[in-house]
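Read through the structure below, which is laid out as structure tokens, and then see the notes.
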Amino acid sequence: MVKNHLDKNGSFTGSPKPPHPTTSTDPHSRKSSQEELDHSLNHHNEEVKKLSDDIDRFIDELSTCDDKSNPPEVPEIIETFSKIIESKISKHNTCENSSTRLCKMTEEDNFFVEAVSRLSKLTNSLSEFPSGSMTTRSLNRTSMVLQRAMTLMEEDLRALLEDSSSHVKVYKNSSFNSNRLLVDGEQCSLTLSDSSGEEEYPSFPPDTVTRMNRIASTMIMAGYETECCQVYSITRRNACVEQMKKLEFEKINMEDVQRMQWDSLEGEITRWIRAVKSCSTTLFPSEKRLGDSVFSESPMNSQSLFSHLARAIVIQLLDFAEAVTMTKRSAEKLFKYLDMYEALRDLIPSIKNSCSNECENELNSEIQATIDRLGESAVSIFSDLENSIKNDVARTPVPGGAVHPLTRYVMNYLKYACEYKITLEHIFHQHVKFEESNANANSNSPAKLMSTLEVEAENDSPHCNSDTTPFSIQLVTIMDLLDTNLEAKSNLYRDPALRDIFLMNNGRYILQKVKGSAEIHQVMGDTWCRRRSTIVRHYHKNYQRETFGKVLQILTHDGMQVHGKVAKTTVKERFKNFNAIFDEIHRSQSTWVVSDEQLQSELRVSISALVIPAYRSFFGRFRQYLDNAKQAEKYIKYQPEDIEILIDDFFDGNSTSMARRKT
């Protein structure tokens, strides 16, 4: 019988000990020893099974007893069974450290879990009989042993949950699959994946998850659901806090956030974004899978535990985001706001269908409210950008008619902003919807946005695009403000030709920025690009007319004859005037700046095509009327080939080019 495996103190000795080994080399002797061991083990297993069957039959007998005042006699096996479980508890408690208790699940562990489950069922059945009956003593006995077993299991569950770090390297590619978790005595199996070399979170080996599942199921069945869930909740929340620390994100109060300099706050936002993304992609899904695996038999507990865990983390993340939105706005913050917006937007699916309905609705509402505030902050920053352009008043022109710093800033800003095109389209769409329902419409109200669009359509604006959206209208507004500002700045140049170069430079820069970015090009459209190109060509023609109108007038053949003969004095005067005007053009326009190489080449080619043929024709027709070589050298300063070389100096931004030519 099983009681044969109790020592004189009543402790359970476990499996029967094998026969003492002998030094005999006789193969028949070794075979005989192995047969004895196998027979002993089989006999022990049969005894354990018989005891378990006897307990189950007694539980059935208790449950079928209709007269609760007259319970059946309690057999001795109840005391034997209680002592076996106590001996197992004592064995566990004598372990010096948790590592020996956290070993791979063995047959003995399986027996203990199953034994405690039977003890729980037995205790529940005994409790149905009135106090003072013959079952009371046994009930007190089994209740005491069950409580000790639950305490042990609670400690084991805590130790198992806290011991995940020791398995990181070995199981860093493991992933939980609750659908493959089998209970009721079957082996637990969790799939292993080699899809990534990164450490997974949390990192529990499959046999550990199986053991936690059995402990949780047994504790809940025994009526210790609160203790089980409390241990799980505390340890998983602590694990999440540690994970956040590994991501370098820790709680910061609102006052500290608002006092931070932007450089420091930007770093905190970066860490916050990393933490939110980790929650979306790793932490929340993994915690959900772990909870579903451990509490596979009680899904409501799994959902409730995850809800409380997710809520605590999300509220901490939202508190930081709220504090950021309350800091002073500036244009440089837009892109971090948009990163935060997208991170929170992607967080919502990770809690969908994972939390309880009440918790999910609450968190979705809280997250969406913070997302909306970040979106409104982004809209406000665009309004601030409009005001910055309006208020950018310069008193000194940019040297050489180069691209203005404001143009570079605004276009680079818009180019980068359009990398968030989908997000900004959604933000401005939501903003318009909000304004439509807001009686106190501000300057960005839909009425104004639509009126802007209608006016542009009527005026055939170069910024008009048939595929308009609230965000594209915002970009149109900024482009128009920039154009108006540049027109005003161009008036700082006294030379009309330089004014055209300035507008041409800035117009070309704007056009190239739009063409070079697929996102902003998509917003502005091909029609806008064609119209902008037309405007740049218009400045080009104005420049040619302002600069070379007088030059071409000098080189015309009209007015060269007096009484039917070419007047030498007129020839001399024309060559002299050409030299003076061209020298002045070369001197000044060599200092002008056209940084766009293609535009610079186009300008030089167009100038050459305009001036050189006219000069070559005039030179070939009238040079002969100068009396001698000395006179020709005095009045003819440039050969046609020299003009082409000098034109290549134009728009280099080099004030010493003329001096180099003279030397």
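The values are calculated or read from the model by the stated rules, or taken from the named source; none is laboratory data. Remember, predicted model here, so these are calculated numbers, not experimental data. Backbone-built Cβ (ideal geometry, glycine too); neighbour counts: all protein chains shown. In case anyone asks, the SASA skips ligands and DNA or RNA and just uses the protein heavy atoms, side chains included. Shrake-Rupley method; radii C 1.70, N 1.55, O 1.52, S 1.80 Å.
Once each part is reduced to its C-alpha centroid, what is the distance from the stretch 411-430 to the stretch 262-336 in angstrom?
24
Counting only heavy atoms of the protein chains, get the accessible area per residue of the stretch 537-615 (1.4 Å probe) and round it to a whole Å² value.
Numbers: 4140 Å² over 79 residues.
Using a 1.4 Å probe on heavy atoms only, each residue of the stretch 537-615 averages 52 Å².
Just check the stretch 276-395 against the gyration tensor rule for me: Cα atoms, a ≥ b ≥ c as the square roots of the eigenvalues, rounded for a/c under 1.5, and otherwise prolate or oblate depending on whether a/b exceeds b/c. Mind showing how you got there, number by number?
Details: a/c = 4.16, a/b = 3.37, b/c = 1.23.
Here the stretch 276-395 falls in the prolate category.
Note down, for the stretch 548-663, the three equivalent ellipsoid semi-axes (square root of 5 times each alpha carbon gyration tensor eigenvalue), biggest first, whole angstrom.
Details: eigenvalues 163, 47, 23 Å².
So the equivalent ellipsoid measures 29, 15, 11 Å along its semi-axes.
Once amide H atoms are built 1.01 Å from N in the peptide plane, which residues 5 or more positions from D652, or in another chain, come under 5 Å H to H?
W592
In a shell of Cβ-Cβ distance under 9 Å around L309, excluding L309 itself, what net charge do Lys and Arg (+1) and Asp and Glu (-1) give?
Details: positive: R236, R237, R311; negative: E287.
Computed value for this residue: +2.
First obtain the Kirkwood hydrodynamic radius of the stretch 563-624 from its Cα pairs, then insert it into the Stokes-Einstein equation at 10 °C and 1.306 mPa s, and state the resulting D in µm² per second as a whole number. Write out the running numbers ahead of the final one.
Working: Rh = 13.7 Å.
For these conditions, the coefficient is 116 µm²/s.
Ignoring ligands, DNA and RNA, what accessible area per residue does the stretch 343-426 give at 1.4 Å, in Å²? The partial results should precede the final answer.
Values: 3920 Å² over 84 residues.
I get 47 Å² per residue for the stretch 343-426.
Can you work out the FRET efficiency for the pair A518 and V393, with r the C-beta to C-beta distance and R0 = 25 Å, to the nearest 0.05?
Numbers: r = 34 Å, r/R0 = 1.36.
In this case the efficiency is close to 0.15.
Carbon and sulfur together cover what percent of the accessible area of the stretch 537-651 at a 1.4 Å probe radius? Intermediate results must be reported in sequence, preceding the final value.
On the way: 3050 of 6270 Å².
Carbon-and-sulfur percentage of accessible area, whole number: 49.
Within the stretch 204-336, what whole-number % of the accessible surface is contributed by carbon and sulfur, with the 1.4 Å probe and all protein chains included in the calculation? Provide the component values of the computation, followed by the final result.
Values: 2770 of 5680 Å².
On the stretch 204-336, the fraction of accessible area on carbon and sulfur atoms equals 49 percent.
For K637, list long-range residues whose amide hydrogen, built 1.01 Å from N in the peptide plane, is under 5 Å from its own amide hydrogen.
none
Computed FRET efficiency, Cβ-Cβ of L492 and L552, R0 30 Å: what is it to the nearest 0.05?
0.60
Among 303-311, 534-542, 421-429, 501-509, how do they line up from the highest to the lowest mean number of other beta-carbon atoms within 10 Å?
Details: 303-311: 21.1, 534-542: 15.8, 421-429: 18.8, 501-509: 25.2.
Result, highest mean Cβ count within 10 Å first: 501-509, 303-311, 421-429, 534-542.
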